[in-house]
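Student: Sharing a structure below in structure tokens format, with a few things to ask.
The values are calculated or read from the model by the stated rules, or taken from the named source; none is laboratory data. In this text, all values refer to a predicted model and were calculated from it rather than measured experimentally. Heads up, the Cβs are rebuilt from the backbone with ideal geometry, glycines too, and the neighbour counts pull from every protein chain shown.
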Amino acid sequence: MLTVIWGALAARRAQALAVLLLAVLASAAAAAAPSYVAAAGQALARYEVSRATPNELRLRLADPVEYPGVPGDPARTPFADMVKKLTPAGFEVVLGAQSGGVAAGRDGTVTSSLVFRAGVCERVTVAGACPRATSRGQLPEVMVGTHTAARLGVAVGDQFTFGAVPVRVAGIYQPLDATDPFWLGAEYIRPAAAGPTGTSAVGSAEDAIFTAEAAPLTDDQAILYRSTADLYVTERLFDTRSVADLRAAVTVVTRDGSREGLGGGTSLSSLLDRVALQRGQLADGVTLGAGLLVLLCWLVLFVAVGSAADQRRPEQGLLLLRGVQRRRLWALAIGEHAIPALFAIPLGCLGGLTAATLLAAHTLPARADVTVDATVIGFAAIGALGALAAVLLTQARMLSAPVVDLLRRVPARVRGWRATIGDVVAVSVAVAAVVQLRSGGSPSGLALVAPVAGALAAGLLLARVTMIAGGAVGGALLARGRTAGGLALVQVARQPRFRPLIALLTVVVAMLAFTVATSEVASAAYRDRAIVEVGAPRVVEVGATSRSHLLAAVRAADPEGRFAMATVVTGSSSAAGTPLLAVDSDRLATVARPHSSYGMSLADVERKIRPTAPGAPVHLRGRLLTIVISASFDAEVFGGNRVRLAVTVSSANGTRVATSRQDIEPGRKGYVLQVPECAQDCRLVKIDIVAPVVSRNLEVRFEEMRTGDEDGEHETMVLTGAQFADITRWRLTDPDDTFLDATSGTDVALILTVPENRRATPAGIAVADAPFPLPVYLTRSTGTPLGGTHPYDGVDGTPTTALVGGVADRLPRLGGSGLVVDLEYADRLAVASQSGKEEVWLTGTAPVDVLDRLRAQGLVVQSERTITGVRQDFDRQAPALALRFNLFAALAGVLIGAAGLIAMAAAEQRARVAMLVALRRQGLPPRAVRGGYGLPAAVAAVSGGLVTVVIWLLTRSGQRLFSDGRSPVPLPDWPDVGRLLMFTMPTIALFALTAVVLGRVVAASVRRRSGR
């Protein structure tokens, strides 16, 4: 039998080579998927590591015992031995020791930490030298940061004290890379504080002070330190170990460390969760492309080998007539095709590895290694064995047919349940996949290949309809004498092998169009989400001393309002609260990026949230504030219940409450409050009468307000009695339980009446320098109608109420839930210091030195996001990488489809040419000779478009485009048609060109053999 098999392979070399090539394609397609998934998993882990916070990259262990002396290297201590025993393989260990305290120099003091940390000298530039170990009688050497040296007033060689211990400055350092996880974020290199003058230098005066080994101190208890060990996870660990292994290792270290009494903590589990999520989504997403490639390869083999087998039907029939047993024919068929399939496994591994390497080099966000492992070989074997199964399936129909049917040149049509069982199975699988996909949740199982299953089922049904319609139309055309088209249609309709070819080409066109559509929608979704979530082309998170400082600094950096806008973004203290965006509204339309999903114009928002203020702010300048009031109440009845005066002022350093030294007494008196923040300038927010228990009615008359200095000079009248009596300048902080009135004449004053009651909050008056309730633009999702009032937490976190001046579908930065207010008005209504993130929004045309301008105004630049950067981040996540693989698979499927068309034509060429030669000699027109192959391509173009629309409508809602599964912006319903045509039209043109070339090859053969 082996001799016969080798003889069959030699006799049918072309077919054996075709089976080998197609099996290699199937094996390579199956092997490429796990190779790409492994490489992309590495890249995703490295990308997540690059974005992780320092605390997410390490596990800290801390010695529970404090030791006396200057912190030193714990490498030779029992603690280090214990850490070495607990550390899992592959983790990098950084040993250290630290002590907190106060450093005092000739120019000032600073609260900092005295730290030993292994490897610090390799990560800094030093003016002077790194600290060295010292012996008894020598001062311990330290290395201080630039800002610390400036605050203490020390240089290299100078001395200062840490705690009560004198130390010598060996060097002044600057970190080479402050973002290096070695510095543990803000633990060692603290962020700079906002102030009147900014700086671009990294760090602050509170940066760590680094030391080396030192001799024992005279006073052992002067400094106490604790040893630490930071266990860092590395990129190499993610390459060589699974997330489950790493999570188990962290659990073991944490558990065993706790048993040994080593305290510590980590956020490493958050990083591991993100990597596991990304890798899982990548594997699920790639399933679609891998399934498509393997399915197409199997279909091509089914078409090609089936066409060749049909040509050998008479041969098989004659063998059976001569007594050859069917089992021997089965053995021959299996052996003839198993050998190419087995050879295809190693070749497929190499091909898949090459494809994955090329794809990884052009699509992954970080470097990754593509390797061959057991998984890749296993998938390659599955692809090759599946190819063999497809081949044997085509042989099964022939080898099980009666001899009389085998002797027919045209196979008999399959009738009964056997004719439809394949369609029923395909449709059933497609329906189950689509139902599972649309049921919600993360796609899994059949849902992952729902588009492919749907395309295959629809392709098979449309191919069946095409065969039936083709026979009817072809017969009609022949009856009318149109032999060219009629003969082509009839021939296609009578040959069962054309049906899987039509289904194959339909699946190719449909999946290419579907994948391109998904990629186009994903690209638009990434862009839309980035625009809405960022809000402006560039958003810089800054540190400011107050909201007023933020506003003043941005306006000074951009006086004309052309490219910068101050904003504050806050969440809510309650789960049901409303997020808040406070903006310098006059600049909103200029700086923020508009988007159609907002459902409103940014210029309308500007107008609605910035109406004319009811009054002007009250500005104060002076260290002392004097308020003259006349109080009327029965002191005896009040007894021990105190009545006090409190004033809230807002300055560039924040908002503060100042209280008078003396309690309010009956009669007229001036009460003095110390307001040092108002030495330059500040704003009066409100005046409170603090009386928790009001035993009888309390009446307070405000008659005068003055500012001055402590020496009594430069006294300035801020408000006279007449100005106080202008009720329009004030609003009650508790309008439900207090009353406001004014007198005229010689004793003009403002009168606040507080009825008898127990009060949980002070009674007072606030400056009416902003509308109240504050007008806002609100999202529709909150349900509050236009003109209604909506509760929210203000920019200071204080609960308050807003007047809805407009509604929007979405808002910049907040998405589908939130409200936007004017920042200046919101700051005027605020009674506490800032809450939320302070940001500066910039246009794409902002000057290149804009960050330096902001620093010059005292803002501290902390981080920066851009729409482009966030858009690129989405492109680096697992769903985007899976989409690229699927697009590659769809494009490769086009070549596989063309190969299927060629393989089928090659298999039937001899019989087709013989038939056409006979017809040509009987008078068949020359143009009728070229027909036949164009019909599958034409049908695929039409049916592929229909199938694309169907599977798009059924499966688009279940496609995962974002790792977190959400988007504040609705996804586009339909992709851009122009981009679809840019991919599908060349595909259809390739199929048409292939059909034309094949037709011309057949026509040339007919001319040679017929002589006509």
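Student: Kindly indicate which of VAL860, VAL821 is touching a Leu at 6+ places or on another chain (Cβ under 6 Å) and not small (Gly, Ala, Ser).
Tutor: Criteria check complete, one pass: VAL821.
Student: Restricting attention to the range 951-968, which residues are modelled with pLDDT of 85 or more and over 19 Å from SER439 (Cβ atoms)?
Tutor: Answer for the range 951-968, where residues must be modelled with pLDDT of 85 or more and over 19 Å from SER439 (Cβ atoms): just PHE962.
Student: Considering VAL24, VAL93, which residue is surrounded by fewer than 21 Cβ atoms within 10 Å (Cβ to Cβ), touching a residue at least 40 places away in the same chain (Cβ under 8 Å) and among the β-branched types (Val, Ile, Thr)?
Tutor: Only one candidate qualifies: VAL93.
Student: Turning to a different aspect of this structure: With the checklist (1) crowded, with 20+ Cβ neighbours inside 10 Å; (2) at pLDDT 85 or above; (3) of a type in the set (Val, Ile, Thr) in hand, flag the one item VAL250 doesn't pass.
Tutor: All conditions are met except number (1).
Student: A further question follows. Mind listing just one residue for me: the one in the range 889-914 that is surrounded by 17 or more Cβ atoms within 10 Å (Cβ to Cβ) and in contact with a Lys or Arg (Cβ under 9 Å, 6 or more places away or on another chain) and, of those, modelled with the lowest pLDDT?
Tutor: My answer is ALA907.
Student: So, one more: From the list SER967, SER1010, SER943, exactly one residue is within 21 Å of THR515 (Cβ to Cβ) and touching a Lys or Arg at 6+ places or on another chain (Cβ under 7 Å). Which is it?
Tutor: SER967
Student: Go through the range 599-616 residue by residue and tally those that are surrounded by fewer than 17 Cβ atoms within 10 Å (Cβ to Cβ) and either outside the structural domain of GLY806 (by TED's automatic domain parsing) or within 30 Å of ALA722 (Cα to Cα) (or both).
Tutor: 6
Student: Spot the failing condition for ARG587; the list is (1) surrounded by fewer than 21 Cβ atoms within 10 Å (Cβ to Cβ); (2) out of contact with any helix residue (DSSP H, G or I) (no Cβ under 7 Å at 6 or more places or on another chain), and only one is missed.
Tutor: Result: ARG587 fails condition (1) only.
Student: Name every residue in the range 559-605 that is over 20 Å from VAL532 (Cα atoms), in contact (Cβ under 8 Å) with a residue 24 or more places away in the chain and among the charged types (D, E, K, R), in order of residue number.
Tutor: Selection gives ARG562 alone.
Student: So if I check each of GLY72, GLY41, which one is surrounded by 19 or more Cβ atoms within 10 Å (Cβ to Cβ) and touching an Asp or Glu at 6+ places or on another chain (Cβ under 8 Å)?
Tutor: Matching residue, one of GLY72, GLY41: GLY72.
Student: Checking GLY386 against (1) at pLDDT 75 or above; (2) in contact with a helix residue (DSSP H, G or I) (Cβ under 6 Å, 6 or more places away or on another chain); (3) of a type outside the set (S, T, N, Q), only one condition comes out false. Which one?
Tutor: Unmet condition: (1).
Student: Sticking with this structure for a sec: Just wondering, is there one or more residues in the range 990-999 that are modelled with pLDDT of 85 or more and within 28 Å of the chain's Cα centre (by Cα)?
Tutor: Within the range 990-999 (the criterion being modelled with pLDDT of 85 or more and within 28 Å of the chain's Cα centre (by Cα)), the answer is no, since none of the residues qualifies.
Student: From the set of residues in the range 706-753 that are hydroxyl-bearing (Ser, Thr, Tyr), assigned to a strand (DSSP E or B) and touching a helix residue (DSSP H, G or I) at 6+ places or on another chain (Cβ under 9 Å), which is modelled with the highest pLDDT?
Tutor: So, considering only residues that are hydroxyl-bearing (Ser, Thr, Tyr), assigned to a strand (DSSP E or B) and touching a helix residue (DSSP H, G or I) at 6+ places or on another chain (Cβ under 9 Å), the one modelled with the highest pLDDT is THR707.
Student: A further question on this structure: Please work out if THR779 is surrounded by 20 or more Cβ atoms within 10 Å (Cβ to Cβ) and not charged (D, E, K, R).
Tutor: yes
Student: Here's a follow-up. Please tell me if ARG136 is touching a residue at least 40 places away in the same chain (Cβ under 8 Å) and surrounded by fewer than 17 Cβ atoms within 10 Å (Cβ to Cβ).
Tutor: Against the criterion (touching a residue at least 40 places away in the same chain (Cβ under 8 Å) and surrounded by fewer than 17 Cβ atoms within 10 Å (Cβ to Cβ)), ARG136 qualifies.
Student: Let me ask something else about it. For PRO131, state whether it is in contact with a Phe, Trp or Tyr (Cβ under 7 Å, 6 or more places away or on another chain), buried (at least 17 other Cβ atoms within 10 Å of the Cβ) and over 14 Å from ALA208 (Cβ atoms).
Tutor: no
Student: Okay, moving on. Which condition does VAL647 not pass, out of (1) crowded, with 18+ Cβ neighbours inside 10 Å; (2) within 30 Å of ARG562 (Cα to Cα), if it passes all the others?
Tutor: (2) is the only condition that VAL647 fails.
Student: I need every pair where a residue in the range 628-655 that is over 23 Å from THR720 (Cα atoms) has its Cβ under 9 Å from the Cβ of a residue that is among the acidic types (Asp, Glu) and in a helix (DSSP H, G or I), sequence separation at least 6 or different chains.
Tutor: Partner pairs satisfying both residue conditions: ALA652/GLU677; ASN653/GLU677; GLY654/GLU677; THR655/ASP827.
Student: Ok, one more. Please verify whether GLU824 is at pLDDT 90 or above, crowded, with 19+ Cβ neighbours inside 10 Å and not in a helix (DSSP H, G or I), treating the condition exactly as stated.
Tutor: For GLU824, the condition - at pLDDT 90 or above, crowded, with 19+ Cβ neighbours inside 10 Å and not in a helix (DSSP H, G or I) - is not met.
Student: Same structure, new question: Tell me, please, whether a residue that is in contact (Cβ under 8 Å) with a residue 12 or more places away in the chain, under 26 Å from THR738 (Cβ atoms) and polar (S, T, N, Q) can be found in the range 712-721.
Tutor: Yes: one or more hits.
Student: Of all the strands (runs of 3 or more DSSP E) wholly in the range 83-200, which have at least 2 residues that are assigned by TED's automatic domain parsing to the domain that holds LEU217 and of a type in the set (Ser, Thr, Tyr)?
Tutor: 109-117
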